[in-house]
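The values are calculated or read from the model by the stated rules, or taken from the named source; none is laboratory data. Computed from a predicted model, the values in this text were never measured in an experiment. Cβ placement follows ideal geometry from the backbone for every residue including glycine, while neighbour counts extend to all protein chains displayed. These accessible areas exclude ligands, DNA and RNA; they are computed on the full protein's heavy atoms, side chains included. Shrake-Rupley method; radii C 1.70, N 1.55, O 1.52, S 1.80 Å.
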Amino acid sequence: MVNFGYTINYVDEVDKALSFFEKAFDIKRRFLTDEKDYGELDTGATVLAFASHKLGQSNFSGGYVSATDSKKPLGTEIVLVTNEVQLIHENAIKNGAVELKAPEVKPWGQTVSYIRCPSGILIELCTPITQ
């Protein structure tokens with residue numbers, strides 16, 4: 001059996017990335033190495049983690065596309081589910097995120113917005129899908 005365990009995002013400064021998520025979304029920090037090159041947030045069963053670009057470059061000799069340096073968001077996103085999309089969206093912007101799309105109600109009833117955090121990561125904020 002395979003379980004989805006981690007999403008790791010490579011960023012300029014791990015401590016700052018963790019701090020943004022703590023302030024913008026009230027997600028608690030779970031772990032940070034003494035070297036501050038790897039850290040995790042307390043997000044439940046699946047871990048949202050951050051590693052330094054230096055650590056990422058040591059893992060991939062051919063390099064990778066950096067969300068931090070990319071002018072456009074990468075074709076992958078972190079989705080945070082909340083009943084307070086507008087409030088969380090505004091708080092993220094106050095803490096340094098850039099708005100890509102303001103909250104809107106989709107035809108199926110879900111409220112969705114898109115932001116890009118200071119580390120360049122694309123984040124979708126949305127209400128739960130009800131069926």
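Applying the selection to segment 93-102, what residues are open to solvent by 90 Å² or more (accessible area, probe 1.4 Å) and either touching a helix residue (DSSP H, G or I) at 6+ places or on another chain (Cβ under 7 Å) or in a loop (DSSP other than H, G, I, E, B) (or both)?
Matches in segment 93-102: Glu99 only.
Where in segment 23-92 are the strands (runs of 3 or more DSSP E), entirely inside, with at least 3 residues that are among the small types (Gly, Ala, Ser)?
It comes to 47-52.
Out of Glu84, Glu104, Glu90, Glu22, report the one residue that is under 15 Å from the mean Cα position of the chain (by Cα) and among the charged types (D, E, K, R).
Step by step, each of Glu84, Glu104, Glu90, Glu22 is checked, and only Glu22 is under 15 Å from the mean Cα position of the chain (by Cα) and among the charged types (D, E, K, R).
Considering only residues of segment 1-19 that are in contact with a helix residue (DSSP H, G or I) (Cβ under 8 Å, 6 or more places away or on another chain) and of a type outside the set (A, V, I, L, M), which is surrounded by the fewest Cβ atoms within 10 Å (Cβ to Cβ)?
Asp12
From the set of residues in segment 103-126 that are assigned to a strand (DSSP E or B) and among the aliphatic types (A, V, I, L, M), which is most open to solvent (accessible area, probe 1.4 Å)?
Result: Val105.
What are the residues in segment 23-34 that are closer than 19 Å to Gly120 by Cβ and surrounded by fewer than 18 Cβ atoms within 10 Å (Cβ to Cβ), if any?
Answer for segment 23-34, where residues must be closer than 19 Å to Gly120 by Cβ and surrounded by fewer than 18 Cβ atoms within 10 Å (Cβ to Cβ): Lys23, Ile27.
Please go through (1) among the β-branched types (Val, Ile, Thr); (2) modelled with pLDDT of 95 or more; (3) open to solvent by 80 Å² or more (accessible area, probe 1.4 Å) for Ile129 and return the number of the only condition it doesn't satisfy.
Result: Ile129 fails condition (2) only.
Based on what the data block shows, is Asp37 of a type in the set (Asp, Glu) and open to solvent by 50 Å² or more (accessible area, probe 1.4 Å)?
The answer is no for Asp37.
Residues Ser58, Ser66: which one is closer than 13 Å to Ile8 by Cα, surrounded by fewer than 18 Cβ atoms within 10 Å (Cβ to Cβ) and out of contact with any strand residue (DSSP E or B) (no Cβ under 6 Å at 6 or more places or on another chain)?
Exactly one of Ser58, Ser66 is closer than 13 Å to Ile8 by Cα, surrounded by fewer than 18 Cβ atoms within 10 Å (Cβ to Cβ) and out of contact with any strand residue (DSSP E or B) (no Cβ under 6 Å at 6 or more places or on another chain), namely Ser66.
Please list, ordered by first then second residue, the pairs with beta carbon atoms under 9 Å, 6 or more apart or interchain, first in segment 107-131 and of a type in the set (A, V, I, L, M), second open to solvent by less than 20 Å² (accessible area, probe 1.4 Å) and part of a loop (DSSP other than H, G, I, E, B).
Hits for this filter: Ile115/Ala97; Ile121/Ala67; Leu122/Ala67; Ile123/Ala97; Ile123/Cys117; Ile129/Gln110.
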